[in-house]
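Student: Would you mind keeping the following structure in view while I ask a few things?
Read the figures in this text as sums done on the coordinates, not as results from a lab. Remember, it's a predicted structure, so these values are computed and weren't measured experimentally. FYI the Cβ positions are ideal-geometry reconstructions off the backbone, even for glycines, and counts take in every protein chain you see.
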Amino acid sequence: MMRQYELVERVRRYNPNTDEALLDRAYVYAMRAHGTQKRASGDPYFSHPLEVAAILTDLKLDDATIVAALLHDTIEDTETTREEIDRIFGPQIGALVEGLTKIKKLDLVSKQAKQAENLRKLLLAIADDVRVLLVKLADRLHNMRTLKWVPEEKRSRVAQETLDIYAPLAGRMGMHDMREELEDLSFRQLSPEAYDSIRTQLQVLKEKNGEMVAAIERELSDAVAQKGLSAVVKGREKRPYSIWRKMEQKSIAFEQLSDIYGFRILVEKTEECYAALGVVHTKWPLVPGRFKDYISTPKQNDYRSLHTTIVGPGRQRVELQIRTRQMHEIAEYGIAAHALYKDANGADMLTRDSSAYAWLRRTIELLAEGSSPEEFLEHTKLELFHDQVFCFTPKGRLIILPRRATPIDFAYAVHTGVGDRAVGAKVNGKISPLVSELQNGDEVEIITSNAQTPPAAWESIVVTGKARAAIRRATRAAVRAQYAGLGKKIVERAVVRAGKAFSEEKLAAAAGRLARHSLEDVYAAVGRGEMRADDVVKAIYPEWTGPRPEERAAPKGEGWFELEQGQSLKFKIPGIESDPDPKTAIPIRGINRELPVRFAPNGGAVPGDRIVGILTPGEGITVYPIQSPALQDFEEEPERWLDVRWDVDENDPQRFPVQIVVVAINEPGSLAQIAQVIGERDGNIENLRMSSRSADFHRMVIDIGVYDLRHLNGIIADLRARPVVSSVERVNG
Ligand code: MN
């Protein structure tokens with residue numbers, strides 16, 4: 001634990017006029033007040049306020065702030081009263097400690113709609129004296145650094161509050177370092193796997209790049225020095241959380257991040273910033289669109305700097321910040337840096353020239369105008385967290401989301417199970433699309449259905465990592481289930497074809513022989529085309545010698561597709577006859593959720609057609625009508641052919657797309673007649689294009705939706721019966 005004289009010494013280093021007696025008094029007072037109290041770690045409680053004070057000495061803060069830090073938990077946790085502090089340390093410090101006591105109890109992630117009111121109290125306490133916030137942030141930082149001692153069930157809540165409220169607040173006050181450390185500590189608690197993975201990848205990168213950072217530092221320094229500028233160049237690795245956020249925002253992988261490293265050039269005077277920029281831009285190509293001048297236009301939190309990205313030494317993309325030392329202090333310490341230039345007046349000087357503080361004041365004025373907590377939320381908190389939106393569940397629970405978030409993100413933020421089953425949303429009581437953009441203050445109710453699994457397309461719509469990961473997981477599980485379903489059907493049929501009885505028990509016992517852990521794994525592998533069904537049969541029945549040789553490979557040669565109208569075909573693909581085998585053919589019921597089935601793009605299979613399936617590894621079954629010439633491409637791979645049959649639900653007729661070519665006499669009204677015939681027959685024209693046109697005839701390609709082959713043939717017959725129609729043919733892709 002830090003000794004009394006050590007603390008005084010730390011302060012004296014940056015503030016020679018420090019009131020040592022005051023610091024000593026506070027040290028002793030707080031130590032006595034906390035007495036034998038212990039922290040969760042077993043350390044004396046007093047070590048905590050002492051560490052908080054130490055953090056504030058790093059920010060070079062004034063005596064009152066350091067003293068308030070030492071005393072910050074006394075009113076709340078000990079016998080101490082405000083009056084006593086006023087009497088011993090003066091009313092200014094008394095007010096600071098009381099402010100800290102007030103905000104200590106504010107729960108900023110509470111489930112009730114209390115957040116608005118609590119945040120308002122927090123901002124009010126800060127507005128009285130911004131040093132309250134500085135002590136509070138240091139307090140939170142120390143608590144986050146020692147989070148592992150906090151009972152497990154409380155940790156995530158503290159971390160969430162830190163990430164949602166205190167880190168952005170630190171950022172808004174320009175305290176960059178504080179913000180980054182708070183974010184990283186929270187991130188580590190809330191997403192330990194992501195945190196570890198980024199740390200590991202950073203380590204790998206460091207080993208790979210070796211001295212690269214030092215080399216770039218050197219080369220940048222030399223270049224600037226050659227122009228007679230004295231500058232300090234410093235390279236650094238970005239923090240895990242900021243890397244993570246970038247990956248999230250841009251939806252990219254770690255490897256795709258080009259700017260893991262940032263470099264800083266510190267100079268003395270403002271004009272030297274521009275001179276250094278000139279040197280850098282002359283020597284290396286710049287990445288367009290990345291230059292920003294925050295010196296002539298400072299950020300709202302007083303941040304000033306030049307930003308640029310160059311293709312630097314070793315063709316490495318290098319992000320550069322160029323600033324003076326004073327700008328640097330403000331960039332690192334924000335509002336706290338103003339204390340550096342303070343005199344005995346403390347707080348007054350602390351807040352002078354600070355536009356961050358001006359922002360705080362404006363916010364508080366808005367409050368004073370008597371707006372309701374909800375209105376306050378609407379107008380001000382939003383400004384604080386300008387990259388976030390605040391929404392509520394119908395029960396008033398606050399859900400904080402990044403800008404551009406959708407009800408899908410909201411659903412996943414509430415609970416993964418809610419997201420996975422979301423089918424619709426009510427925003428402020430009105431049915432709204434799941435892909436709409438949420439606005440501040442929206443009340444969102446998610447409508448769920450147990451039959452739902454999230455569509456894969458959502459992955460590119462959502463903006464939160466939680467939603468994206470969950471959707472990916474759910475889609476993967478759904479796809480896997482599809483393949484397993486398909487694989488099961490293929491295996492069952494292969495077993496029957498081999499003349500055996502299918503038994504899942506036997507197959508489960510054989511899974512190990514196939515180097516798979518479970519039945520599901522075997523099915524999925526077969527469904528994906530990674531494992532042959534015959535090999536599975538062999539694993540169950542080792543005595544089975546495989547398909548008869550004549551079945552194994554189809555003889556090459558003539559007569560494969562002896563097509564006739566009416567489809568009497570001679571087949572030489574093993575297991576495929578002119579009619580599907582009712583026992584082994586896989587039933588196809590349009591596009592369904594249980595099987596990874598698609599229809600050949602130009603094939604136009606309709607119920608009634610003899611269809612076959614072609615298994616494509618990783619894609620599932622593509623269904624072709626047997627007359628499709630495209631099937632010739634698969635002649636050489638008999639093992640990919642699957643016997644399939646229609647299994648349409650007659651009570652729920654579905655339309656299937658098919659293409660016909662109509663040649664008609666070129667006369668006025670002929671097109672109308674054709675459309676009329678199709679319409680009368682309940683065909684649905686989905687697309688029509690004139691493929692050629694002569695003086696006498698025109699040729700049309702028409703996509704129609706029909707229920708089955710009979711329906712199609714009826715339409716074709718009716719069309720042919722029309723005098724204007726010269727010919728009608730079905731297209732087989
Ligand atoms: Mn504390």
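Student: Summing Lys, Arg as +1 and Asp, Glu as -1, what charge do residues with Cβ under 10 Å from the Cβ of Glu520 carry, Glu520 excluded?
Tutor: Net of charged neighbours comes to +2.
Student: To continue, here is another question. If I take every Cα pair under 8 Å that is 6 or more residues apart in the range 15-98, average their sequence separation and divide by the length, what percent do I get for the relative contact order?
Tutor: Worked out over the range 15-98, it gives 28 percent.
Student: Count charges around Val661 for me, please; just the other residues with Cβ under 13 Å from its Cβ, Lys/Arg as +1, Asp/Glu as -1.
Tutor: Spelling it out: positives minus negatives among the neighbours equals +2.
Student: Most exposed first by the Cβ proxy, i.e. fewest other Cβ within 10 Å, how do Glu181, Glu152 rank?
Tutor: Going from least to most buried by this count: Glu152, Glu181.
Student: If you take the beta carbon distance between Lys154 and Glu193 as r and set R0 to 22 Å, what does 1/(1 + (r/R0)^6) give as a FRET efficiency, to the nearest 0.05?
Tutor: Rounded to the nearest 0.05, the efficiency is 0.60.
Student: Take every Cα pair under 8 Å in the range 183-249 that's 6+ residues apart, average their separations, divide by the length, and report that relative contact order as a whole percent.
Tutor: For the range 183-249, the relative contact order is 41 percent.
Student: Mind listing the long-range amide H neighbours of Thr448? Cut-off is under 5 Å, sequence gap 5 or more, other chains count too, H placed in the peptide plane at 1.01 Å from N.
Tutor: Val423
Student: Then there's this: What are the trypsin sites (Lys or Arg not before Pro) within the range 2-39 that DSSP puts in a loop, where the Cβ has at most 15 other Cβ atoms within 10 Å?
Tutor: The qualifying sites are Arg3.
Student: Using the count of nearby Cβ atoms within 10 Å as a rough guide to exposure, how do Tyr483, Tyr5 rank from fewest to most?
Tutor: Lowest to highest Cβ neighbour count: Tyr5, Tyr483.
Student: Do any of Lys246/Lys426; Lys206/Lys234; Lys488/Lys538; Lys154/Lys246 go past 25 Å between their Cα atoms, and which?
Tutor: Lys246/Lys426; Lys154/Lys246
Student: Could you compute the net charge surrounding Val677? Neighbours are other residues with a C-beta less than 12 Å from the C-beta of Val677; K and R count +1, D and E count -1.
Tutor: Result for the neighbourhood of Val677: 0.
Student: Assuming 0.36 nm per residue, please report the length gained on full extension of the stretch Ala515 to Lys208 beyond their Cα-Cα distance.
Tutor: Here the answer is 107.0 nm.
Student: Take each of the peptides 275-284, 170-179, 157-166, average the number of other beta-carbon atoms within 10 Å over its residues, and list them starting from the highest.
Tutor: 170-179, 157-166, 275-284
Student: Based on other C-beta atoms within 10 Å, arrange Val423, Val224, Val414 from fewest to most.
Tutor: Val423, Val414, Val224
Student: Additional query: To the nearest Å, what is the center-to-center distance of the range 129-164 and the range 493-542, using C-alpha atoms only?
Tutor: About 55 Å separates the Cα centre of the range 129-164 from the one of the range 493-542.
Student: In percent, how large is the relative contact order of the range 389-450, given Cα pairs closer than 8 Å and 6 or more residues apart?
Tutor: Computed value for the range 389-450: 40 percent relative contact order.
Student: Using label points projected 7 Å from each Cα along Cα→Cβ, tell me how many nm separate Ile431 and Met1, to one decimal.
Tutor: 6.5
Student: Counting other Cβ atoms within 10 Å, which GluC sites (Glu not before Pro) in the range 64-98 have at most 13 and lie in a DSSP loop?
Tutor: Loop-located and lightly packed - Glu79.
Student: On to the next question. Points 7 angstrom from Cα along the Cβ direction at Met690 and His281: gap in nanometres?
Tutor: 5.8
Student: Could you tell me which trypsin sites (Lys or Arg not before Pro) in the range 456-509 are loop residues by DSSP with no more than 15 other beta carbons within 10 angstrom of their beta carbon?
Tutor: The qualifying sites are Lys500.
Student: With viscosity set to 1.567 mPa s and temperature to 4 °C, compute the Stokes-Einstein D of the range 4-191, Rh being the Kirkwood radius across alpha carbon pairs; µm²/s, no decimals.
Tutor: Reported coefficient: 77 µm²/s.
Student: Using only Cα atoms, what is the ratio of the radius of gyration of the range 656-730 to 2.2 N^0.38 Å?
Tutor: Working it through for the range 656-730, the quotient is 0.99.
Student: Highest mean first, how do 684-692, 651-659 rank when packing is the count of other Cβ atoms within 10 Å averaged over residues?
Tutor: Ranking the peptides 684-692, 651-659 by packing returns 651-659, 684-692.
Student: Please compute the modelled spin-label separation between Gln326 and Glu636, points set 7 Å along Cα→Cβ, answer in nm with one decimal.
Tutor: Taking the two extended label points, one gets 7.7 nm.
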